[in-house]
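These notes concern the structure reproduced below.
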Amino acid sequence: MANEVCLRTLDLERPWLLEQYQSRGGYEMLKKILTEKMAPEAIVEEVKKSGLRGRGGAGFPTGLKWSFISRNAPGQKYVVCNSDEGEPGTFKDRDILRYNPHQLIEGMIIAGYAIGATRGYNYIRGEFWEPYERFEQALEDARSAGYLGENLLGSGFDFELHAHLGAGAYICGEETALLESIEGKKGQPRYKPPFPAHFGLYGRPTIINNTESLASIPMIMEKGGEWFADIGVKNSGGSKLFSISGNINNPGVFEIPMGTPFSELLAMAGGMKEGHKIKAVIPGGSSAPIIPGEQMMELNMDYDSIAGAGSMLGSGAVIVLDESNCMVKILERMSYFYHEESCGQCTPCREGTGWLYRVVHRIETGQGRQEDLDLLDDVASKISGKTICALGDAAAMPVQGMLRHYRDEFQYHIDHKRCMIGVG
Amino acid sequence: MTTTTVKDKTEHFTPEVRAEIDRWIAKYPAEWKQSAVMGALMIVQDENGGWLTNQLMDQVAAYLDMPSIAVYEVATFYSMYELKPVGKHKICVCTNVSCMTNKSDVIVEHLEKKLGIGFGQVTEDGRFSLKEVECLGACGGAPMMQIGKQYYENLTPEIVDAILEGLE
Ligand SMILES: Cc1cc2nc3c(=O)[nH]c(=O)nc-3n(C[C@H](O)[C@H](O)[C@H](O)COP(=O)(O)O)c2cc1C
Ligand code: SF4
C-alpha cells in the first residue's frame, strides 16, 4: 500500500482543492468530533495508540507530547506546525502543502481541540512561496466552509489558523528558534527547559509538530490508532513519507509503510542511474550518519532498523550516492552547510562547525595533515551534547559516520593529496 | 534603544504596501505587531527592486512600533533579505549534496560564463544576480534553482538558457 495517509488525494486531479479533499472523506472526522463533542483526552489516547512519532526528525511520540499540555489551564494556548523543511535531502512537507493542504489544516484543528488551543500558526519556509500561496488559499476555503473561525459548526469551539513565512534560515526548523521567529526576532534557539508545552509561542503553552505529523492526524482519528500502528512495525507506527534523491532514476516522495525494505524503496525510485553501483546512503537527512550501500540494502525503513546500523531515520530524507562520489567532498559540503547555518550562540557549535569545515576542506584540497582525522574525531566529540540545540550534534554526526566507514578514503586524500575516486 | 512612535502611520509607504503589511499584522495578537516584521520586510524589499535600505528598515520599525535595531537584527539574520542591490532577477542556485551529486557545478559554471558574474555579483545592466543557496527542499528535482518566487528543477545548461530567455 502507498499514499494512504498524507497523500491520500494525490491520484485526484487538482488534489489540493477543498472539494477533492472532501470527496475522500476530508473534514468528516472534524465534524464528527465537534458534533459528538468527543472527549479531548480520547483524541490524545488515540494518537498515543497509533504509535505516531514526530516526523520532523527527532521521532518523539506525538500523543505523549500532546499529553504534556494541561488543557484546562486558563489563557491562550497554541498549535504550531513546522513546515520549515530545511534539513538537506528533505522535500516531503512541500508536497503535503502543495497537494493536500486541507488535511494539514484539519489535523491542526483537531490538535487544537485536543489540547484546548484556539489559535494555530503554520511556519512555512520563506523560499516555499508557491506552497505558501496554496496553503493560504486552502485556509480561505476552509474559513468559508466554516471549518475555521468562531463556533465551528455550532460546537462552541473556536479555531483560527494562519501561515507565517520564514526568510531563509535552517535553524528556524529548530522548534524554539521557530517560535522566536514567529515573534519577529532572530531565529536563535531558546534554552530548554522550559519546554514549549509550558512556555511556548508568546510565552504560552504550545505544541509544535512537523507538517507530516499533523497531517497524519485526521486519518488516525478516522480509522483508529490501531489501524495506523498496524501499517508499520513495532516502535514505528504507520506509513511515512520518504524523500529519496541522489544518483537514482526516479527521485521523489513515496509514502510507504514503516519497515519497508530499503531495497524496495530504491526500486520504486527507479534504481541506480545508468547502471551505476550504490556506494552509500544517508538515510535520514544530511545529519544522519552515512551507511555503506551493501549494508543499507539489508535494512528496513523504520526507526529501529536504521538505528541498529548506527544512524537514524530522521526526517525520512534518503540520499543515495553511487561509486563516483568522493566522500571527502560530500562531507566538506555538509560541514560547510552546518557552519553556515550555526546561529552562533554557543561556542562549541560556532567555533567547532567552522573548525570541522576548515579541516575537511584542507583534506579535500590536498593540504591535509596526518593528525587531521584524529582532530576531526576530537572536535566532533567536543561539540556533541554540549550545545543549546541539536544543530551541534547534527554537524558532528555526519563527521563521525564518515570516519567510521570511509576513514581509508580520507587517509588516501591526506597521503596522496588527491582523491582515490577515478584512480585506477 | 529608541522606539520611534509615529502618530500618523500614513506617512509611511504607499496605501497598497500598508494594506499588505496590515494583512500580516492582523494574523497575530494585537500586542504582537512585531510578529509582522518578517512579512513587512519582504514586502518592502520586493517593492524596492529586491533589497532593503536603512531608511526602509527604519520605516518598517516605525510602522510596527519597534526599535530600529530590532529590525536590523532580523534583516541581517535571514538570508533572503538583501542589504545591497541585486539583479532584477535574483538567481539562487542550490549546491547542497543532492544537487551537487547531480552536477550543480555544471549549472553554476554555465551561469557564471553566460552572465559573466560570480556568486554575490550583479550583471552590469542590473538584470541578473547570482547567489549560492543551501538546500531549498526540492532535491527530487536536482539540480535546481530559484528565480524570484519560482522554482526551476531538473536543470541542464540548455534548460537554463531557455528559462533565462523567457524572463523579461
Ligand atoms: C537544527 C534543527 C533543524 C530542524 N529542522 C526541522 C525542520 O525543518 N522541520 C521539522 O519539522 N523539524 C525540524 N527540527 C526538529 C524540531 O526541532 C522539532 O523536533 C519538530 O518540529 C517537532 O515536531 P515532530 O515531533 O512532529 O517531529 C529541527 C531541529 C533542529 C535541531
Ligand atoms: S547549537 Fe549552534 S545553532 Fe544551536 S543554539 Fe548553539 S550555536 Fe545556535
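The values are calculated or read from the model by the stated rules, or taken from the named source; none is laboratory data. Quantities reported herein were computed from a predicted structural model and do not represent experimental measurements. FYI the Cβ positions are ideal-geometry reconstructions off the backbone, even for glycines, and counts take in every protein chain you see. When the accessible area is computed, the model is the full protein with side chains, heavy atoms only, and any ligands, DNA or RNA have been set aside. Shrake-Rupley method; radii C 1.70, N 1.55, O 1.52, S 1.80 Å.
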Residues within the stretch A:285-331 that are within 11 Å of chain B (Cβ to nearest Cβ) and on the phi < 0 side of the Ramachandran plot, tallied
15
Candidates A:ALA395, A:ALA307 - the one that is open to solvent by less than 10 Å² (accessible area, probe 1.4 Å) and either in a helix (DSSP H, G or I) or among the hydrophobic types (A, V, I, L, M, F, W, C) (or both):
A:ALA395
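For B:MET38, state whether it is surrounded by 19 or more Cβ atoms within 10 Å (Cβ to Cβ), at negative phi and part of a loop (DSSP other than H, G, I, E, B).
For B:MET38, the condition - surrounded by 19 or more Cβ atoms within 10 Å (Cβ to Cβ), at negative phi and part of a loop (DSSP other than H, G, I, E, B) - is not met.
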Flag if B:ARG23 is surrounded by fewer than 14 Cβ atoms within 10 Å (Cβ to Cβ), more than 9 Å from every other protein chain (Cβ to nearest Cβ) and assigned to a helix (DSSP H, G or I)
yes
Could you check the stretch A:169-196 and list, in sequence order, the residues that are open to solvent by 10 Å² or more (accessible area, probe 1.4 Å), touching a helix residue (DSSP H, G or I) at 6+ places or on another chain (Cβ under 9 Å) and more than 12 Å from ligand 1 (Cβ to nearest atom)?
A:GLU180, A:LYS185, A:LYS186, A:TYR191
Considering (1) in contact with a Lys or Arg (Cβ under 8 Å, 6 or more places away or on another chain); (2) closer than 21 Å to A:GLY252 by Cβ; (3) not β-branched (Val, Ile, Thr), say which one A:ASP95 fails and leave the rest.
(1)
Among (1) more than 30 Å from A:ALA317 (Cβ to Cβ); (2) outside any loop (DSSP other than H, G, I, E, B); (3) within 15 Å of the chain's Cα centre (by Cα), there is one condition B:LYS114 misses while meeting the rest; what is its number?
(3)
Every residue in the stretch B:63-103 that is in contact with a Lys or Arg (Cβ under 7 Å, 6 or more places away or on another chain), in a helix (DSSP H, G or I) and open to solvent by less than 30 Å² (accessible area, probe 1.4 Å), please.
B:TYR63, B:VAL74, B:VAL97
Is it true that A:GLU150 is surrounded by fewer than 23 Cβ atoms within 10 Å (Cβ to Cβ), within 16 Å of A:CYS81 (Cα to Cα) and over 18 Å from the mean Cα position of the chain (by Cα)?
no
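Rundown of residues vs (1) out of contact with any Leu (no Cβ under 8 Å at 6 or more places or on another chain); (2) of a type in the set (Lys, Arg); (3) within 14 Å of chain A (Cβ to nearest Cβ), yes/no style:
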{"residue": "B:MET57", "(1), (2), (3)": "no, no, yes"}
{"residue": "B:ILE91", "(1), (2), (3)": "no, no, yes"}
{"residue": "B:VAL97", "(1), (2), (3)": "yes, no, yes"}
{"residue": "B:HIS110", "(1), (2), (3)": "yes, no, no"}
{"residue": "B:LYS113", "(1), (2), (3)": "yes, yes, no"}
{"residue": "B:SER129", "(1), (2), (3)": "yes, no, no"}
{"residue": "B:PRO143", "(1), (2), (3)": "no, no, yes"}
{"residue": "B:THR156", "(1), (2), (3)": "yes, no, no"}
{"residue": "B:VAL160", "(1), (2), (3)": "no, no, no"}
Considering only residues that are buried (at least 23 other Cβ atoms within 10 Å of the Cβ) and more than 16 Å from ligand 2 (Cβ to nearest atom), which ones fall in the stretch A:44-64?
A:VAL47, A:SER50, A:GLY51, A:LEU52, A:ARG53, A:ARG55, A:THR62
How about the stretch A:85-95: which of its residues are more than 7 Å from every other protein chain (Cβ to nearest Cβ), part of a loop (DSSP other than H, G, I, E, B) and open to solvent by 10 Å² or more (accessible area, probe 1.4 Å)?
A:GLU87
Within the stretch A:130-181, work out how many residues are in a helix (DSSP H, G or I) and more than 16 Å from ligand 2 (Cβ to nearest atom).
18
Is it the case that the stretch A:407-414 has a residue that's buried (at least 24 other Cβ atoms within 10 Å of the Cβ) and away from ligand 1 (no atom under 16 Å from the Cβ)?
yes
Qualifying position, being under 29 Å from A:GLY259 (Cα atoms) and in a loop (DSSP other than H, G, I, E, B), among A:LEU313, A:LEU331, A:LEU321
A:LEU313
I'd like the full set of residues that are assigned to a strand (DSSP E or B), more than 27 Å from A:GLY173 (Cα to Cα) and of a type in the set (A, V, I, L, M, F, W, C), limited to the stretch A:252-299.
A:MET272, A:ILE278
Count of the stretch A:52-79 residues which are touching a helix residue (DSSP H, G or I) at 6+ places or on another chain (Cβ under 7 Å), away from ligand 1 (no atom under 13 Å from the Cβ) and either among the acidic types (Asp, Glu) or part of a loop (DSSP other than H, G, I, E, B) (or both):
3
So, in the stretch A:182-203, of the ones that are touching a residue at least 12 places away in the same chain (Cβ under 8 Å) and among the basic types (Lys, Arg), which residue ends up nearest to ligand 2 (Cβ to nearest atom)?
A:ARG190
Here is a list: A:SER342, A:SER263, A:SER305, A:SER324. Which entry is within 16 Å of ligand 1 (Cβ to nearest atom) and out of contact with any strand residue (DSSP E or B) (no Cβ under 6 Å at 6 or more places or on another chain)?
A:SER342
